[in-house]
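The values are calculated or read from the model by the stated rules, or taken from the named source; none is laboratory data. Predicted model only: the values in this text are computed from it and were never measured. Heads up, the Cβs are rebuilt from the backbone with ideal geometry, glycines too, and the neighbour counts pull from every protein chain shown.
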Amino acid sequence: DVKVTQSSRYLVKRTGEKVFLECVQDMDHENMFWYRQDPGLGLRLIYFSYDVKMKEKGDIPEGYSVSREKKERFSLILESASTNQTSMYLCASSSLGGGGGPDTQYFGPGTRLTVL
Amino acid sequence: QKEVEQNSGPLSVPEGAIASLNCTYSDRGSQSFFWYRQYSGKSPELIMFIYSNGDKEDGRFTAQLNKASQYVSLLIRDSQPSDSATYLCAVRGSSASKIIFGSGTRLSIRP
């Protein structure tokens, strides 16, 4: 079974703090993604990566950065957290030709981040 | 126009009936189509994927794809209370760089 884990289920931070969200997958997937999910807005792609040290902006990259130093790990960084970044953050991974079909994304459990 | 559109619901269906969920997409060159189920407070999990026009069945679930009309649907037969969840439609467009998710349809199965 594909397993995607995220470092925290719940996180509370203060405005202006630097926040690190970590995601690890154990299926040797090439592709990894960070989304945020807000009521009424659905899943919105923040950043994605198709290879180690490679990253591409998604639809809402402002205020975020990412790091992928190893294939299995993809980190999302909030350089200076703001209240409008309070959200559910979901990491996903996928691999072309995977058992669920190409492009199937497998999600981690999510991190609910609250910025006060 | 949103790239992937779903009716937000809630869609209320009696137990044992067929639930029909619909999704339309704007990119005519889209290649891959997915249905995910998301329970409240949980992350999305894949139910089905479909690439070719027509129907694809898996147990109580049937995905239907019509590329000419640019819609994909999910039918759930013999609906159970455990099917109550939000269903997300996802589409990989012709650019092949990412998958676009709809905002989801909330389904409620009433006993």
Of the conditions (1) surrounded by 22 or more Cβ atoms within 10 Å (Cβ to Cβ); (2) at pLDDT 95 or above, the single one that B:ALA90 does not satisfy is (2)
Among residues of region A:13-32 being out of contact with any Leu (no Cβ under 9 Å at 6 or more places or on another chain) and within 19 Å of A:MET88 (Cα to Cα), the residue surrounded by the most Cβ atoms within 10 Å (Cβ to Cβ) is A:MET32
Among the residues in region A:66-87, are any within 11 Å of the chain's Cα centre (by Cα), within 12 Å of another protein chain (Cβ to nearest Cβ), in a strand (DSSP E or B) and modelled with pLDDT of 95 or more? no
State the number of residues belonging to region B:64-93 that are away from chain A (no Cβ under 13 Å) and outside any strand (DSSP E or B). 12
Given the options B:ARG28, B:ARG37, name the one that is in contact (Cβ under 8 Å) with a residue 40 or more places away in the chain and in a strand (DSSP E or B). B:ARG37
